[in-house]
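Shown next, in structure tokens, is the structure this report addresses.
Nothing in this text is a laboratory measurement; each read-out follows from the coordinates by a stated rule. These numbers were taken from a predicted model, which means no experiment stands behind them.
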């Protein structure tokens, strides 16, 4: 019974190994076929870099290689240990024929196999199609296998400048005077200076005007008092003598009252 269980487990292990080996073998076949096509197109230096690179499943299938020619690679100084990064930088993690790439409009960015390294498309037609400002000059060099495609380019890919032809236009430098002043405020002045600009500085001490006699209704000295005192004295005498000379005093009293009113009017004027 135990031997039967061991046999079943052994058979399952073999089946798992075979199932995992079939895709890897197929990928290796596609890579071998792609290398042969690269050599026929005289991209020997790029083939050498693939052979120098440590095993990496990202470079063995489901990939599109963008290959600089031998002359371009001969001018480049590649540090030791950077071969894998260079190949990842010059590849797309999907097998794309040139007809598929042509459908991407200008400004499209696609990821490379190297993390955080983007590829920017410039599509001006089949004869002027660029990736990061490097033209594709020999499309569809690898077509034998189903999981690997390759295209020849005329340069080394560098970091794309995402600010060029950006869909978001920068703000215009020309604007009306009022708009420019509003968009670029000047530094605010201190509160004390701002207050001094609004409130004028105090001048000399203001003195209240001397009140005039007309403002308070004061009568001129020597006119009302000098007139009223004798008039009052005469009025008193008339009142005292009124009982003895009623007729004469009444007439004198009336005249005296009119005289007093007249004097008061003159004093006010």
* Structure fact -> Checked the stretch 115-160 with the C-alpha gyration tensor, a ≥ b ≥ c its square-rooted eigenvalues, rounded below a/c of 1.5, otherwise prolate if a/b is larger than b/c and oblate if not; verdict oblate
* If a/c stays under 1.5 just call it rounded; otherwise compare a/b with b/c (prolate if a/b is bigger, oblate if not). Do that for the stretch 23-153, with a ≥ b ≥ c from the square roots of the Cα gyration tensor eigenvalues. => rounded
* Shape category assigned to the stretch 39-93 from the gyration tensor of Cα positions, a/c cut at 1.5 -> oblate
* Give me the number: length gained by fully extending residue 144 to residue 102, i.e. 0.36 nm times residue separation minus the C-alpha to C-alpha distance, one decimal in nm. => 13.1 nm
